[in-house]
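Each remark here refers to the structure printed beneath this line.
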Amino acid sequence: MKKKILALICASVMLFSLTACGNNSETPATEEPVEAPGTETPEAKEAADDKETITIGVSFGQNVHPFFVAMQMGIEAACKDYGIDNVNILAADSSLETQVSQIENLVTMGCDVILLNPYDSDGVVNAVNSAQEAGVGIFTMDIDCEGSTAYVASDNVKVGKLLGEWIVEQLGGEGKIAIIDGISVTSLKDRTDGFMSAIEGSNIEVVAEQQTAVERDAALDSAETILQAHPDIDAFVGVNENSGMAILSAVTAAGLDDVLMTCVDATAETMAAIRDGKVDVGVSQDPYQMGYTAVEQAIAWAKGETIEKFIEVPVAYMNQDNIQEVIEREQGYGVEVE
């Protein structure tokens with residue numbers, strides 16, 4: 001086990017930090033694929049019996065978003081199931097400088113593995129490379145960065161393709177659309193690439209594109225500006241929760257009734273909007289499974305096993321036909337929908 005002495009020192013001072021959700025989940029996870037908290041897997045029980053020592057550090061780019069609350073629950077459940085006691089969970093509060101410091105500190109503390117949700121994919125590269133040079137495995141979750149050991153996430157190109165295929169079908173291959181996306185985060189860029197590939201060859205025209213999906217306020221400003229210039233668009237595409245909900249606010253304020261809207265992620269806001277018929281379709285991920293799977297992959301890597309560079313977590317459409325099932329799944333992760 002890497003850095004055994006440092007890990008023992010770290011074990012005496014490390015505890016579960018609940019920065020991301022404010023309370024510790026004691027809910028174990030199900031057999032793979034993880035769909036909702038349940039009974040620990042046979043593999044987890046065997047690992048827990050062995051009590052293999054591994055020290056895990058976690059750094060989230062954000063800390064209060066429901067997506068990351070569910071991801072943290074998956075991490076905590078997997079650590080409990082596999083008997084991992086030495087875990088330190090931190091959040092960067094949307095600060096690149098803070099996250100870089102967290103990565104450096106987790107390495108110094110003797111972590112064998114860091115589970116990383118990058119706030120800025122490019123900005124963390126130097127810290128990630130330094131950690132790798134120190135023998136620390138870097139497992140990125142949801143968002144990747146250069147230099148990671150492995151990447152656990154949805155196939156974000158597939159997410160974008162699902163949105164694009166739905167738009168093509170709904171519009172019959174013709175119409176004017178706008179999109180709010182982002183290029184500073186790899187997952188958002190991949191969704192845009194997938195979307196554009198899905199509408200290629202159709203007669204759908206992208207009349208406006210703004211790369212402001214990371215921040216809700218910026219996305220709202222962009223949506224309002226786009227609608228002022230193009231009030232006749234047929235569809236307005238959001239590639240994440242922030243852009244989707246900003247688009248909904250702008251379309252509602254403009255009094256437009258016939259604009260198709262999309263979003264991504266099964267959060268309380270997006271699920272309620274789809275349930276209530278305000279947003280037409282979304283694509284759901286399973287952040288709980290991302291967190292659980294990241295721990296499993298970290299354990300395998302620490303034992304010297306061969307792992308895949310990309311570990312895919314499935315995605316699916318959300319619409320009014322299945323939204324209640326999605327809501328019930330997310331409620332199992334602690335997401336409350338009004």
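Computed values, structure above
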{"read-out": "Count - residues of the stretch 271-296 that are more than 30 Å from GLY137 (Cα to Cα), out of contact with any Leu (no Cβ under 9 Å at 6 or more places or on another chain) and not basic (Lys, Arg)", "value": "5"}
{"read-out": "Checklist (1) surrounded by fewer than 24 Cβ atoms within 10 Å (Cβ to Cβ); (2) outside any loop (DSSP other than H, G, I, E, B); (3) touching a residue at least 40 places away in the same chain (Cβ under 8 Å) applied to GLU169, failing item", "value": "(3)"}
{"read-out": "Some residue of the stretch 29-40 being at pLDDT below 90, under 24 Å from SER184 (Cβ atoms) and not in a strand (DSSP E or B)", "value": "no"}
{"read-out": "Selection count, the stretch 118-177, where residues are touching a strand residue (DSSP E or B) at 6+ places or on another chain (Cβ under 9 Å) and among the basic types (Lys, Arg)", "value": "2"}
{"read-out": "Scan of the stretch 99-151 for residues that are within 17 Å of the chain's Cα centre (by Cα), among the acidic types (Asp, Glu) and crowded, with 22+ Cβ neighbours inside 10 Å, ordered by number", "value": "ASP142, ASP144"}
{"read-out": "Qualifying positions in the stretch 172-197 - part of a strand (DSSP E or B) and either surrounded by fewer than 21 Cβ atoms within 10 Å (Cβ to Cβ) or not assigned by TED's automatic domain parsing to the domain that holds VAL239 (or both)", "value": "GLU174, GLY175, LYS176"}
{"read-out": "Any hit, the stretch 295-303, residues being touching a residue at least 24 places away in the same chain (Cβ under 8 Å), in contact with a Cys (Cβ under 7 Å, 6 or more places away or on another chain) and not assigned by TED's automatic domain parsing to the domain that holds ILE167", "value": "yes"}
{"read-out": "Check on ALA254, outside the structural domain of ASN88 (by TED's automatic domain parsing), under 25 Å from ASP190 (Cβ atoms), small (Gly, Ala, Ser) and in contact with a helix residue (DSSP H, G or I) (Cβ under 6 Å, 6 or more places away or on another chain)", "value": "no"}
{"read-out": "Of all residues making up the stretch 199-231, the number that are surrounded by fewer than 21 Cβ atoms within 10 Å (Cβ to Cβ) and part of a helix (DSSP H, G or I)", "value": "8"}
{"read-out": "Per-region count, the stretch 152-163, residues of a type outside the set (S, T, N, Q) and either surrounded by 24 or more Cβ atoms within 10 Å (Cβ to Cβ) or touching a Pro at 6+ places or on another chain (Cβ under 8 Å) (or both)", "value": "5"}
{"read-out": "Cross-chain or 6+ apart pairs with Cβ under 6 Å, the stretch 217-228 first and within 15 Å of GLY255 (Cα to Cα), then surrounded by 15 or more Cβ atoms within 10 Å (Cβ to Cβ) and of a type in the set (Val, Ile, Thr)", "value": "ALA223/ILE247"}
{"read-out": "Test for TYR317: is it assigned to a loop (DSSP other than H, G, I, E, B), in contact (Cβ under 8 Å) with a residue 12 or more places away in the chain and not assigned by TED's automatic domain parsing to the domain that holds ASP181", "value": "no"}
{"read-out": "First in the stretch 84-111 and in contact (Cβ under 8 Å) with a residue 24 or more places away in the chain and hydroxyl-bearing (Ser, Thr, Tyr), second anywhere and surrounded by fewer than 23 Cβ atoms within 10 Å (Cβ to Cβ) and not in a helix (DSSP H, G or I), Cβ under 8 Å, 6 or more apart", "value": "SER94/GLN62"}
{"read-out": "Leading residue by the ranking (surrounded by the fewest Cβ atoms within 10 Å (Cβ to Cβ)) among those in the stretch 254-309 that are among the hydroxyl-bearing types (Ser, Thr, Tyr) and not in a helix (DSSP H, G or I)", "value": "THR306"}
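The values are calculated or read from the model by the stated rules, or taken from the named source; none is laboratory data. All figures in this text were calculated on a predicted structure; none of them were measured in a lab. No Cβ is skipped: glycine too gets one built from the backbone with ideal geometry, and neighbour counts run over all protein chains shown.
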